[in-house]
Amino acid sequence: MGRKSTKENKNIYQISREEVGLTREAAAEELEFISSDRIEKIESEKSLPHPDEILAMADCYKNPSLCNYYCSHECPIGQEYVPEVKFKELSQITLEMLASLNTLEKEKNRLIEITVDGVISEDEMKDFEKIQDQLAQISLAIDSLELWVQKAIADGRIAE
C-alpha cells in the first residue's frame, strides 16, 4: 500500500489522482501502460506527460479538465491557441453564455455593416475587434459547457 503524500505544492495530476483515492501504484495498475515511476515523474514535474498519458489519466481520474489543462499550459501549440477553461457550475455557464449572446445580438447589424464589402477599414476595426472579443467569450462559454458535460458523464450524473 502506498503512502499518502504530504507534499504541499501538488500539481493538477497528483491532485486529480488523490481525489479519486488512488495511490501511484493503484493508478499504474488501472492505467496499465503508465508505470508508478512515470506517474511520480509527471507529478513531481521531472518529466512532461505525453498526450496519450493525459487522455488515460483524465479517464482514470474522472477529470476531463486535465486535457484542457495540458493543452493550454504544457503543449506548445495549445499554449498559443487553446484558452484555459475553468470548471464552473451549469447555472453560471448558462448565464454567461446568455449574456454574451444578448450582447452579440445587439452587435449583429454592426457586424453585417462591417463585413458586407469584404473589407474591414480602419474606422471599423475597433468595433470589429469588440465583436470578435464577444465571439471569443461565447466560444469559451461553449467550451465550459462541454467540460461540464464531460465531467457529468465521467461522474455518472448523465448518460453518454
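Per the conditions (1) modelled with pLDDT of 95 or more; (2) surrounded by fewer than 13 Cβ atoms within 10 Å (Cβ to Cβ); (3) assigned to a helix (DSSP H, G or I), the sole criterion not satisfied by Lys106 is (1). On the basis of being within 29 Å of Ala136 (Cα to Cα) and part of a loop (DSSP other than H, G, I, E, B), does Gly21 make the cut? Spelling it out, it is not the case that Gly21 is within 29 Å of Ala136 (Cα to Cα) and part of a loop (DSSP other than H, G, I, E, B). Might you check whether a residue that is touching a residue at least 40 places away in the same chain (Cβ under 8 Å) and within 24 Å of Ile153 (Cα to Cα) occurs anywhere in segment 30-44? So far as segment 30-44 goes, no, none of its residues is touching a residue at least 40 places away in the same chain (Cβ under 8 Å) and within 24 Å of Ile153 (Cα to Cα).
Residue-level check: of (1) open to solvent by 70 Å² or more (accessible area, probe 1.4 Å); (2) more than 20 Å from Gln134 (Cα to Cα); (3) not hydroxyl-bearing (Ser, Thr, Tyr), Cys67 misses just (1).
So, in segment 16-32, of the ones that are open to solvent by 30 Å² or more (accessible area, probe 1.4 Å) and touching a helix residue (DSSP H, G or I) at 6+ places or on another chain (Cβ under 7 Å), which residue ends up farthest from Tyr70 (Cα to Cα)? This residue is Glu25.
Do you know which residues across segment 85-96 are in a helix (DSSP H, G or I) and buried (at least 16 other Cβ atoms within 10 Å of the Cβ)?
Going through segment 85-96, the residues in a helix (DSSP H, G or I) turn out to be 90-96.
If the condition is that a residue be in a helix (DSSP H, G or I) and buried (at least 16 other Cβ atoms within 10 Å of the Cβ), then Ile93, Glu96 are the ones that fit.
The set of residues in segment 122-160 being open to solvent by 90 Å² or more (accessible area, probe 1.4 Å), over 11 Å from the mean Cα position of the chain (by Cα), of a type in the set (Asp, Glu) and more than 18 Å from Glu105 (Cα to Cα) consists of Glu122, Asp123, Glu160. Return yes when Lys46 is modelled with pLDDT of 95 or more, in a helix (DSSP H, G or I) and open to solvent by 70 Å² or more (accessible area, probe 1.4 Å) and no when it is not. Criteria not met by Lys46.
Among the residues of this structure, Ile54 does not count as one that is assigned to a helix (DSSP H, G or I), out of contact with any Cys (no Cβ under 8 Å at 6 or more places or on another chain) and at pLDDT 95 or above. Out of everything in segment 33-87 that is of a type in the set (Phe, Trp, Tyr) and touching a Lys or Arg at 6+ places or on another chain (Cβ under 9 Å), what residue ends up being farthest from Ile15 (Cα to Cα)? So the residue we want is Phe87.
The sole residue among Ala159, Ala141 that is of a type in the set (Gly, Ala, Ser), under 27 Å from Ser16 (Cβ atoms) and not in a helix (DSSP H, G or I) is Ala159.
Among residues that are free of Cβ contacts under 8 Å to residues at least 60 places away in the same chain and under 15 Å from the mean Cα position of the chain (by Cα), Leu104 is not included. I want to confirm something. Restricting to segment 58-84 and keeping residues that are under 14 Å from Gln150 (Cα atoms) and in a helix (DSSP H, G or I), which single residue is nearest to the chain's Cα centre (by Cα)? Out of the qualifying residues, it is Asn68.
The values are calculated or read from the model by the stated rules, or taken from the named source; none is laboratory data. As the structure is a computational prediction, the values presented were derived from the model and not from experiment. Every residue, glycine among them, receives a Cβ derived from its backbone with ideal geometry; neighbour counts consider all protein chains shown. Side chains are part of the model used for accessible areas, which takes the heavy atoms of the whole protein and leaves out ligands, DNA and RNA. Shrake-Rupley method; radii C 1.70, N 1.55, O 1.52, S 1.80 Å.
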